[in-house]
Every structure is written in C-alpha cells, then in structure tokens.
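Enquirer: Here you go, one structure.
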Amino acid sequence: MIYEGKAVSVKALEDGIVELCFDLQGESVNKFNRLTLDDLGAAAEKLGADKSIKGMIVTSAKDVFIVGADITEFTDLFKAPEAELAGWALRANKVFCAIEDLPFPTVTAINGIALGGGLEMCLSTDYRVMSTKAQVGLPEVKLGIFPGFGGTVRMSRIIGVDNAVEWIAAGGQHKPEKAIKDGVVDAVVAPELLKDAAVALVKQCIDGKLDYKARRQEKLDPLKLPPMENMMAFQTCTAAVMGQAGRNYPAPVAAVQVMQQHAAMKRDQALEVEAKGFAKVAKTSVATAMVGLFLNDQAVKKISGKWEKQSKPVKQAAVLGAGIMGGGIAFQSASKGTPIIMKDIRDEALDLGMAEATKLLARRVEKKKMKPADMGKTLSAIRPTLNFGDFGNVDIVVEAVVENEKIKQSVLAETEALVKEDTILASNTSTISITRLATALKRPENFVGMHFFNPVHMMPLVEVIRGEKSSDAAVAATVAYAKKMGKTPIVVNDCPGFLVNRVLFPYFGGFGMLLRDGADFQKVDKVMEKFGWPMGPAYLMDVVGIDTGVHAAKVMAEGFPERMQYDYKDASEVMYENKRYGQKNGVGFYKYSKDAKGKPKKEADPATYELIKPVVSASRDFEDQEIIDRLMIPMCLEIVRCVEEGIVSTVAEADMALIMGIGFPPFRGGALRYIDAIGVQKFVEACDKYKALGALYQPTEKLREKAAKGESFYG
C-alpha cells in the first residue's frame with residue numbers, strides 16, 4: 001500500500017500503474033469533507049514523490065463515485081468572512097491541482113454518481129471513463145452557489161463555453177449519452193469493464209499512443225477563442241441564463257460572469273477569480289436559504305424514513321370518489337407500482353377519473369417519459385368499480401369524496417365495515433377535523449388524514465394528519481404509502497386547516513384587509529410575485545377556487561375566531577356571491593380565456609372593481625414593503641404558532657411544507673428561515689408596527705422571548 005487514509009488509499013496494480021481509491025469510512029457514500037480533502041492532499045504528495053509510478057487510475061469502492069462536497073459543513077463555512085471562504089476554496093483547489101500536475105497520466109473510472117466536487121475531481125485527471133450506469137453533473141446552482149473546486153475553469157476549457165454554461169448554469173444531472181456527446185467524458189463502458197478500460201487508457205498514454213500532456217495543457221492555458229468571439233459567446237450566454245434564472249437566483253449568472261473574467265487567464269490565476277466569485281455568491285442570503293433548504297429536505301426524508309421502517313408494506317390500495325382528485329390519486333398510485341381500486345357511486349364519475357389518469361399517462365408517453373406498453377400496464381392497475389366487492393384485500397383506503405363532514409363520516413363508516421381489521425382508512429380532507437371524522441368509526445386507531453394537494457401528480461407534499469386516536473401503525477403505513485407514491489409526507493397533528501391551510505388563511509386574511517383598506521388587488525399580486533411567489537393572492541384564490549376558499553375560511557374562522565373571524569365583509573365573499581369562482585368557471589378576481597395550448601389565460605376585469613366597491617375604502621397607493629409585511633407577517637406568525645403548539649415537530653418540516661405545499665419562494669428558504677433572515681427582533685418590531693390591525697399581527701410571548709434573547713429558529 002502506497003498510501004492509506006480514512007477516505008483515500010493508493011495501491012500498486014501492474015506495470016507501474018497505481019490505483020487511487022475513494023472509500024470514506026463510516027459513510028455509505030463518498031463526499032468531499034475536510035477529511036477527504038486532507039487525505040487526497042496527502043496521497044497526492046506521496047504520488048508526486050514516487051519516481052517508480054508510470055500512471056494512475058482513480059476509482060471508488062462504493063456504489064457511487066463522489067456525491068459532491070459535504071453540504072453539512074457549508075453552514076459553518078459560509079459564516080466565515082468572504083476572504084476566508086475564498087481561501088478555503090483555493091486550498092481545496094491546491095489539492096486538485098496537485099492531482100492534475102502529477103508527472104504521469106491519470107484516468108478516472110466513474111462507476112456511479114459524480115456530482116459537484118465529485119465531477120470536479122474527475123475533471124482534474126487527464127481522461128475520464130464512465131460506466132453506463134453512472135450519472136454526472138455540477139448541480140451547485142441549486143444550492144445558490146456555483147462550482148468552487150475548479151469546475152468553471154476546467155469545464156469551460158474541456159468542453160467550450162456554450163456547453164460549460166449549460167452544464168454549470170442549469171445544474172443538471174446527466175446520463176452517459178450526454179456526457180460523452182459534450183466531451184465531459186472520453187469513453188462509456190459497461191460497469192464490469194470500467195476498471196480495465198481505465199487501465200487500458202493509461203497504458204495507451206504510457207505507450208505514447210495518446211498525448212496526455214497536450215490534453216492537460218488545454219486545462220492549464222486560457223480559452224482558445226479570439227477576444228471578440230469570446231465576448232460575443234459570453235454576452236449571448238449571459239442574456240439566456242439571466243432570462244431562465246430570473247433575478248431571484250443570482251448564482252447562474254454569476255457563474256457565467258466568472259467564466260468570462262477568467263477566460264483569458266492561465267489556470268492558477270483563473271482559479272483565484274473563481275474562488276473570489278464563489279465566496280461572494282456563497283455569502284448571499286439566497287445561498288444560505290438554498291443550502292438550508294437542502295439540509296431541511298434531508299431532515300424531512302430522515303424523519304419519514306423512520307416512520308417507513310415501522311410500517312407494513314402497502315400492496316393494494318383503494319380510493320373512494322373518482323373525478324379529478326380520485327383519478328389523480330389513482331394515477332399516482334398505479335404509476336408508482338401500487339395497484340388501486342377506484343370506487344364511486346356513479347359511472348360518469350368513474351369515467352372522469354379514468355379519463356384523468358389516461359390523460360396524465362398519455363402526456364408522459366408524449367414526452368417520451370413512458371413507453372406505450374407501460375401506459376397500458378399502469379392503466380390496468382387501476383380498477384374502476386361501483387361496489388365494494390374487492391375491498392376485503394385492501395391495505396389502505398383513501399377517501400376523496402365531497403368536502404362535507406356528514407357525507408365523509410357516512411362513507412368512512414360504511415367502508416370500515418367491509419375491510420380487514422387492520423386496513424388503514426385515510427381522508428383526503430383539506431379542512432375537516434380528523435378527530436371529529438373518527439367519531440363515526442369503530443376503529444379510530446386505524447384512521448388518519450392524508451391531504452393531497454392539487455394537482456396530485458405535480459404537488460410533492462402530502463400532509464399525514466394524526467387524529468387524537470390515530471395509532472403509530474396507521475401513521476407509519478400512510479407515510480410509507482405516500483413515499484411509495486413518490487410524495488414527500490410530513491406528519492402533522494390535527495387542528496383546523498392542519499398545517500398548510502392553517503398558515504395560508506392568515507395570508508389571505510392580510511390580503512382581505514389590504515383590499516378593505518383600499519389596495520389594488522392587481523398591484524398586490526404584482527408585488528407578491530416580485531417577492532417570489534408563483535402567483536399573487538388574488539390569482540391564487542382564483543386558481544384554488546373562490547368557493548373552496550370561502551368554505552375553508554369559515555372552517556378556519558370557527559377554529560381560530562380570535563384571529564380568523566373578521567368584522568368586515570371580505571372581497572372574496574363578494575366574488576362568491578356573484579358566482580365568480582375563479583378559473584373553474586372562467587371568472588373570479590380576473591377573467592379567463594384559453595390560450596393556444598388550451599390553458600387558462602388571466603386577464604384584468606374592470607367589473608371586479610365595481611363589484612367590490614361597496615366593501616373597500618377609497619383607493620390608496622401602498623408602498624411595496626407595506627404590502628409584503630401585511631401579507632407575510634400573519635403567515636409567518638401562524639407557522640410560529642404551529643411549531644410552538646407541536647402541530648408540526650420541527651422547523652425543517654414546517655418550512656418544507658410551505659415550500660412544497662403552496663410554493664413559498666424557495667430562495668427564501670421557508671417562513672421561519674425568512675424570519676431569521678430579517679432577524680427575530682426586527683420581525684417582532686415589524687409586527688408591533690401593525691398591531692392596530694388586530695390579532696393576526698400579534699406575536700406570541702415565546703417569540704418575544706426569543707427576540708429578547710437574540711435567538712433564531714435555525715441557530
């Protein structure tokens with residue numbers, strides 16, 4: 001053994017060729033943490049000093065190559081001053097350069113996933129061979145940063161400006177076909193041939209059949225583009241990237257600008273430019289939020305994984321109520337491998353449900369994400385029926401009938417009498433108390449809420465609601481089923497609106513008060529869309545359905561009268577009384593027509609202003625920040641209450657639920673991360689500024705204590 005560390009080892013193979021192998025002890029995957037970088041640096045020093053070595057292959061002992069940098073270290077790293085952060089990146093690059101400058105040819109054998117720093121390591125060797133099962137990419141922009149281990153420098157010199165911009169600014173994860181087409185790798189072989197292919201490539205270099213020194217020199221030199229052509233290429237790329245990324249995500253554009261800055265420089269100088277640019281973007285609030293988002297996502301997966309381990313497998317499912325929602329649930333279940341019975345009391349509802357599933361599957365076939373034969377197989381896994389005949393073998397039943405408490409109780413009680421003793425019953429209700437619904441059942445311990453968001457196939461979140469008598473076994477089975485459906489389940493305790501809707505309606509309450517006080521709903525929508533929401537509150541009400549919203553608002557007012565019962569008539573009630581339900585019937589706050597693709601297109605409707613005139617004050621022009629505060633403060637305070645009351649167990653789950661359930665701006669990291677970004681003390685001061693507006697703007701005592709102590713939600 002030439003070198004043996006806790007993450008990297010080097011051993012002799014044959015004919016002067018050695019193997020550097022990544023195998024991080026105590027971890028299921030390889031990643032670039034401090035230990036791995038230190039090991040790699042020490043190994044490079046030994047390799048450079050050994051005159052007997054003629055060539056080297058780089059491998060992984062794990063199923064993946066290297067998943068990237070250790071994101072868990074980023075939180076502390078990114079707190080450092082900009083200069084210190086740039087120095088960290090340069091120290092890592094010194095290690096990569098030591099590998100790149102070894103006095104013999106080097107070839108990486110990419111056996112599995114090589115992302116971020118993992119791919120940057122591969123780029124530091126002379127050649128790259130990739131398994132047909134591997135995937136590679138530079139996804140750093142999805143963390144609000146860009147490659148800082150030489151990725152912008154080496155990638156642009158290996159594959160050219162246009163391709164490098166695509167790989168770095170889009171942050172994709174690519175299969176072998178794309179990697180070899182763009183020149184990121186030099187060969188693709190079957191997994192069992194990978195190591196031999198890498199050794200063979202090294203031997204060709206040793207024998208002089210391949211000029212590895214010329215290949216290496218391309219990475220050491222400036223880009224070989226005339227200055228004018230260089231400038232035009234980067235200007236075109238910058239404009240395209242800016243158009244796709246938008247103003248709220250600075251990393252992709254910053255990456256292109258850094259590549260342009262170092263294009264005319266040699267490697268070491270270029271790496272300094274990259275390091276400074278990396279440090280600058282890493283210090284942005286967007287990077288903090290996006291890294292936090294990644295860590296929150298990992299935390300949520302870990303929590304749901306613990307539930308999953310306690311569960312019995314769900315082999316057969318059923319959904320009560322067809323239509324759009326039932327059809328969406330059936331599609332999702334069948335497409336992810338769990339056969340499902342779809343029951344309704346009307347043939348036309350079953351036809352609608354099957355049509356919905358067929359439409360979604362046909363769309364996948366059109367986009368070449370599914371083969372026609374697989375579409376037929378998936379459809380055959382959905383069994384429409386008018387009776388309970390086959391319910392005796394069902395493991396879980398999802399009730400998705402009309403949002404009416406008595407009807408749901410009746411349907412659930414009827415179903416309970418026809419299923420196995422341990423069958424889980426789950427209600428896809430958005431507002432009705434799970435504890436109350438359970439009073440109609442003989443086995444309430446087998447009953448939970450399973451709240452899907454519409455459209456089912458697109459929205460990643462499922463709220464699993466635990467009623468007062470719901471058992472751990474019922475919760476675990478429902479979590480496992482949701483995960484099997486490709487969803488992210490978050491367990492919440494029962495309360496009006498559960499988590500997401502409970503938090504959304506104070507936001508709508510703030511909007512209602514703004515309109516009452518004379519704000520223009522179109523301006524409010526524009527301000528909140530600029531803030532980062534996919535749509536403003538008026539547009540969102542139209543999409544959700546104003547009739548649905550008015551019904552849910554009554555439930556919330558009953559549940560939280562001190563905050564959500566208002567002493568004025570809301571503009572949405574006026575819309576409802578005038579049968580303006582939003583997109584579903586073509587008119588709400590806005591009116592809707594079909595665009596060329598048949599999708600609803602929003603248009604301003606002067607009639608809206610006339611209709612709401614009796615319930616609003618004279619028109620007043622609000623500052624953007626006041627609009628933001630008056631909508632965001634009620635939402636943020638409600639999520640704080642949910643955490644304090646134990647409705648949701650962790651701040652990570654709370655923030656992820658809002659991002660996945662209602663499209664909270666990801667670059668802000670969630671409502672609690674947003675409070676932290678403002679500062680808890682400053683947030684409380686902002687609340688007090690609007691205290692005359694009532695209880696929706698009143699901070700909790702615990703939040704005031706947190707502010708006084710200088711604490712934050714994420715520490």
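Enquirer: Just give me the residues in region 466-501 being in contact with an Asp or Glu (Cβ under 7 Å, 6 or more places away or on another chain) and among the basic types (Lys, Arg), in sequence order.
Expert: Arg466, Lys469, Lys483
Enquirer: Can you work out which of the residues in region 513-551 that are outside any helix (DSSP H, G or I) and on the phi < 0 side of the Ramachandran plot is surrounded by the fewest Cβ atoms within 10 Å (Cβ to Cβ)? So that I can check it myself, show each step before the final result.
Expert: Looking only at region 513-551, we keep the residues that are outside any helix (DSSP H, G or I), and these are 517-520, 532-536, 545.
Add one more test, that the residue is on the phi < 0 side of the Ramachandran plot, and what stays is 517, 519-520, 533-536.
Working: Asp517: 15, Ala519: 22, Asp520: 18, Trp533: 21, Pro534: 13, Met535: 15, Gly536: 23.
Across region 513-551, the extreme among qualifying residues is Pro534.
Table: residues versus (1) modelled with pLDDT of 95 or more; (2) outside any helix (DSSP H, G or I).
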| site | (1), (2) |
| --- | --- |
| Ser9 | yes, yes |
| Ala12 | yes, yes |
| Val18 | yes, yes |
| Val29 | yes, yes |
| Met56 | yes, yes |
| Asp63 | yes, yes |
| Thr75 | no, no |
| Ala80 | no, yes |
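Enquirer: Could I ask something else about it? Considering only residues of region 306-328 that are in a helix (DSSP H, G or I) and either modelled with pLDDT of 95 or more or among the charged types (D, E, K, R) (or both), which is farthest from the chain's Cα centre (by Cα)? Let's see the steps before the verdict.
Expert: Step one: of region 306-328, the residues in a helix (DSSP H, G or I) are 306-309, 323-328.
Next cut, either modelled with pLDDT of 95 or more or among the charged types (D, E, K, R) (or both) only: 306-309.
On the way: Lys306: 20, Trp307: 21, Glu308: 20, Lys309: 23 Å.
So the residue we want is Lys309.
Enquirer: Cβ-Cβ below 7 Å, separation at least six or inter-chain, first residue in region 520-539 and among the small types (Gly, Ala, Ser), second part of a loop (DSSP other than H, G, I, E, B): which pairs?
Expert: From region 520-539, the pairs are Gly532/Asn248; Gly532/Pro665; Ala538/Phe589.
Enquirer: Give me a count of the residues in region 116-136 that are surrounded by fewer than 24 Cβ atoms within 10 Å (Cβ to Cβ) and farther than 13 Å from Val185 by Cα.
Expert: Count: 1.
Enquirer: Does Met232 qualify as being assigned to a loop (DSSP other than H, G, I, E, B), aliphatic (A, V, I, L, M), farther than 11 Å from Val165 by Cβ and without any contact (Cβ under 8 Å) to a residue 60 or more places away in the chain?
Expert: Values: assigned to a loop (DSSP other than H, G, I, E, B): no; aliphatic (A, V, I, L, M): yes; farther than 11 Å from Val165 by Cβ: yes; without any contact (Cβ under 8 Å) to a residue 60 or more places away in the chain: yes.
No, not satisfied.
Enquirer: State whether one or more residues within region 97-112 are touching a Leu at 6+ places or on another chain (Cβ under 8 Å), in a loop (DSSP other than H, G, I, E, B) and either at pLDDT below 95 or β-branched (Val, Ile, Thr) (or both).
Expert: no
Enquirer: Here's another thing I want to ask about it. Look at Glu166 and say whether it is more than 26 Å from Ile57 (Cβ to Cβ) and either touching a strand residue (DSSP E or B) at 6+ places or on another chain (Cβ under 7 Å) or free of Cβ contacts under 8 Å to residues at least 60 places away in the same chain (or both). Full working, then the answer.
Expert: Numbers: more than 26 Å from Ile57 (Cβ to Cβ): yes; either touching a strand residue (DSSP E or B) at 6+ places or on another chain (Cβ under 7 Å) or free of Cβ contacts under 8 Å to residues at least 60 places away in the same chain (or both): yes.
Yes; evaluated as a whole, the condition is true for this residue.
Enquirer: Filtering region 18-33 down to residues that are over 12 Å from Thr59 (Cβ atoms) and in contact with a helix residue (DSSP H, G or I) (Cβ under 7 Å, 6 or more places away or on another chain), which residue is surrounded by the most Cβ atoms within 10 Å (Cβ to Cβ)?
Expert: Within region 18-33, the first condition is being over 12 Å from Thr59 (Cβ atoms), and the residues that meet it are 24-29, 31-33.
Still in the running and in contact with a helix residue (DSSP H, G or I) (Cβ under 7 Å, 6 or more places away or on another chain): 24, 32-33.
Values: Leu24: 23, Phe32: 26, Asn33: 18.
Checking each candidate, the answer is Phe32.
Enquirer: Does region 181-193 contain any residue that is closer than 21 Å to Met265 by Cβ, of a type in the set (Val, Ile, Thr) and in contact with a helix residue (DSSP H, G or I) (Cβ under 6 Å, 6 or more places away or on another chain)? Write out each step before concluding.
Expert: Initial filter on region 181-193 (closer than 21 Å to Met265 by Cβ): none.
No, region 181-193 has no match at all.
Enquirer: Are there any pairs, at least 6 apart or on different chains, whose C-beta atoms fall under 7 Å, with the first in region 597-621 and in the same structural domain as Asp520 (by TED's automatic domain parsing) and the second part of a helix (DSSP H, G or I) and of a type in the set (S, T, N, Q), and if so, which?
Expert: Final answer for the pair search is Pro600/Gln583; Ala604/Gln522.
Enquirer: Tell me whether region 39-59 contains one or more residues that are out of contact with any Gly (no Cβ under 7 Å at 6 or more places or on another chain), assigned by TED's automatic domain parsing to the domain that holds Val129 and under 29 Å from Ala289 (Cβ atoms).
Expert: Taking every residue of region 39-59 in turn, none turns out to be out of contact with any Gly (no Cβ under 7 Å at 6 or more places or on another chain), assigned by TED's automatic domain parsing to the domain that holds Val129 and under 29 Å from Ala289 (Cβ atoms).
A quick yes/no check of all residues on (1) at pLDDT below 95; (2) assigned by TED's automatic domain parsing to the domain that holds Phe96; (3) of a type outside the set (Val, Ile, Thr):
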{"residue": "Ser131", "(1), (2), (3)": "no, yes, yes"}
{"residue": "Gln135", "(1), (2), (3)": "no, yes, yes"}
{"residue": "Glu140", "(1), (2), (3)": "no, yes, yes"}
{"residue": "Gly144", "(1), (2), (3)": "no, yes, yes"}
{"residue": "Thr152", "(1), (2), (3)": "no, yes, no"}
{"residue": "Arg157", "(1), (2), (3)": "no, yes, yes"}
{"residue": "Asp162", "(1), (2), (3)": "yes, yes, yes"}
{"residue": "Ile168", "(1), (2), (3)": "no, yes, no"}
{"residue": "Glu177", "(1), (2), (3)": "no, yes, yes"}
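Enquirer: Return a yes/no flag: does region 677-687 have any residue that is surrounded by 17 or more Cβ atoms within 10 Å (Cβ to Cβ), closer than 30 Å to Val456 by Cα, at pLDDT 95 or above and of a type in the set (A, V, I, L, M).
Expert: no
The values are calculated or read from the model by the stated rules, or taken from the named source; none is laboratory data. Predicted, not measured: the structure shown is a model, and the values here were computed from it. FYI the Cβ positions are ideal-geometry reconstructions off the backbone, even for glycines, and counts take in every protein chain you see.
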